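Trainee: Quick one: the structure is below, questions incoming.
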Amino acid sequence: MSDIRIHFVGAGPGAKDLITVRGQKAIEKADVIIYAGSLVNPELLEYNKNATIYNSALMTLEEVIEVMKDADEKRKDLVRLHTGDPSIYGAVREQMDELDKLGINYDSIPGVSACFGAASSLNLEYTLPDVSQSLIITRMEGKTLVPKLESIESFAAHKATMAIYLSTSMLKELQERLIDGGYEIDTPAAIVYKATWPDEKKFICSVGELEKTARDNQIKKTALILVGDVIGTAQYSKSRLYAADFSTEFRKSKDVN
């Protein structure tokens, strides 16, 4: 039997059925669940109606660790349920460091992050040949500082696809900084509110219309901002992977003549 009792689990972007199979099984067998409050769809807790439930929105780091320590000592399985994927803005490292100090083992189960839920809602491909081959995941500076070398302007200079988290309340500044960094004012953009949740809302606009679009639709939080030509372009090259005149390890090229 594994001696790992603490499991960090990605809840996915919102929809109950977008958690991984492994994540669902961890929830089903858990004795204790600490979930990230309003950020995690409470329907996920329906997978286990017998576990003791804690809402981490009401807890300090020290209180979370104390519950984990108690579960480990009593040989109870505990799931720390984070929104999306725990490795992106999940504040998991600080929890893991405390568990390391206590000599408590743990593992991680990945989840679908909001940017991928948003892409599915909009039927987007972030990496179109000749348009963008990179996805930049970032955020505006708020209570959590952002390193100077990771400014919005420095990323905007690449004109790659961007997924911007935790920035809905700062859209006027965000759009100004995106434009200052290099995006054209009419660069396609999108606002996806609560991607994949039942009350999801999505809006296509331009970089220069981000603040107005959010204001007109009363979007103030819990939204992801997407920026880049992949959102609106029809001008891209097809992948060479499936081209008839292209050979791969599994398929020989065909005579297109």
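Trainee: So I have [x] 19; [y] 35; [z] 15, and one of them is percent of Cα pairs over 32 Å apart calculated from this model. Which one is it?
Mentor: The value computed from this structure is option [y].
Trainee: Residues with beta-carbon under 13 Å from that of Arg5, excluding Arg5: net charge, scoring Lys, Arg +1 and Asp, Glu -1?
Mentor: -1
Trainee: Something else now. Farthest toward the dipole's positive end in segment 1-142, which of Pro42, Tyr89, Thr127, given Cβ charges of +1 (Lys, Arg) and -1 (Asp, Glu) about the Cα centre?
Mentor: Among Pro42, Tyr89, Thr127, the one farthest towards the positive end of the dipole of segment 1-142 is Pro42.
Trainee: Something else about it: Rounded to the nearest 500 deg cm²/dmol, what is the calculated helix-only ellipticity per residue at 222 nm for the chain, with -39500 (n - 2.57) per DSSP H run of length n ≥ 4?
Mentor: -7000 deg cm²/dmol
Trainee: Just to verify a number: what accessible area does Asp72 come out at with the full protein assembly present, 1.4 Å probe, Å² rounded to tens?
Mentor: For Asp72, the solvent-accessible surface is approximately 40 Å².
Trainee: Take every Cα pair under 8 Å in segment 1-129 that's 6+ residues apart, average their separations, divide by the length, and report that relative contact order as a whole percent.
Mentor: Relative contact order of segment 1-129: 40 percent.
Trainee: Once the Cα atoms of helix 171-181 and of the chain are each reduced to a long axis, what angle between those two axes, in degrees from 0 to 90 to the nearest 10, is obtained?
Mentor: 50
Trainee: What percentage of the solvent-accessible surface of segment 99-257, computed with a 1.4 Å probe over protein heavy atoms, is contributed by carbon and sulfur atoms?
Mentor: Of all accessible area on segment 99-257, carbon and sulfur atoms account for 50 percent.
Trainee: Treating only the Cβ of Lys, Arg, Asp and Glu as charged (+1, +1, -1, -1), what charge dipole size does the chain show about its Cα centre? Round to the nearest 20 debye.
Mentor: It comes to approximately 460 debye.
Trainee: I would also like to ask the following. Can you work out the Karplus-derived ³J(HN,Hα) for every residue in segment 152-164? Use 6.51 cos²θ - 1.76 cosθ + 1.60 with θ = phi - 60°, whole Hz, and x for glycine or proline.
Mentor: For segment 152-164, the Karplus curve yields 4, 4, 5, 6, 4, 4, 7, 6, 7, 6, 10, 10, 10 Hz.
Trainee: By a straight-distance test (C-alpha under 19 Å), which aspartates and glutamates pair with Lys16 as possible cross-link partners, with residues fewer than eight away in the same chain excluded?
Mentor: Those aspartates and glutamates meeting the cut-off are Glu28, Glu43, Glu46, Asp85, Asp199, Glu200.
Trainee: Considering the chain as a Gaussian network with a 10 Å cut-off on Cα pairs, which listed residue, Lys148, Lys220, Lys29, attains the greatest mean-square fluctuation?
Mentor: Evaluated over the chain, the most mobile residue of the options is Lys148.
Trainee: In segment 171-257, what is the count of Lys pairs whose alpha carbons are under 20 Å apart, counting only pairs at least 8 residues apart or on separate chains?
Mentor: Step by step, the pairs that qualify in segment 171-257 add up to 19.
Trainee: I'd like the distance between the alpha-carbon centres of segment 44-104 and segment 212-232, rounded to an integer number of Å.
Mentor: Taking the Cα centre of segment 212-232 as reference, the centre of segment 44-104 is 32 Å away.
Trainee: To continue, here is another question. Which of these, Thr60, Thr233, Thr127, has the largest mean-square fluctuation under a Gaussian network model of the chain (Cα springs below 10 Å)?
Mentor: It is Thr60.
The values are calculated or read from the model by the stated rules, or taken from the named source; none is laboratory data. These numbers come from a predicted model, not from an experiment. Quick reminder, even Gly has a Cβ in these numbers, built from the backbone with ideal geometry, and neighbours come from all protein chains shown. These accessible areas exclude ligands, DNA and RNA; they are computed on the full protein's heavy atoms, side chains included. Shrake-Rupley method; radii C 1.70, N 1.55, O 1.52, S 1.80 Å.
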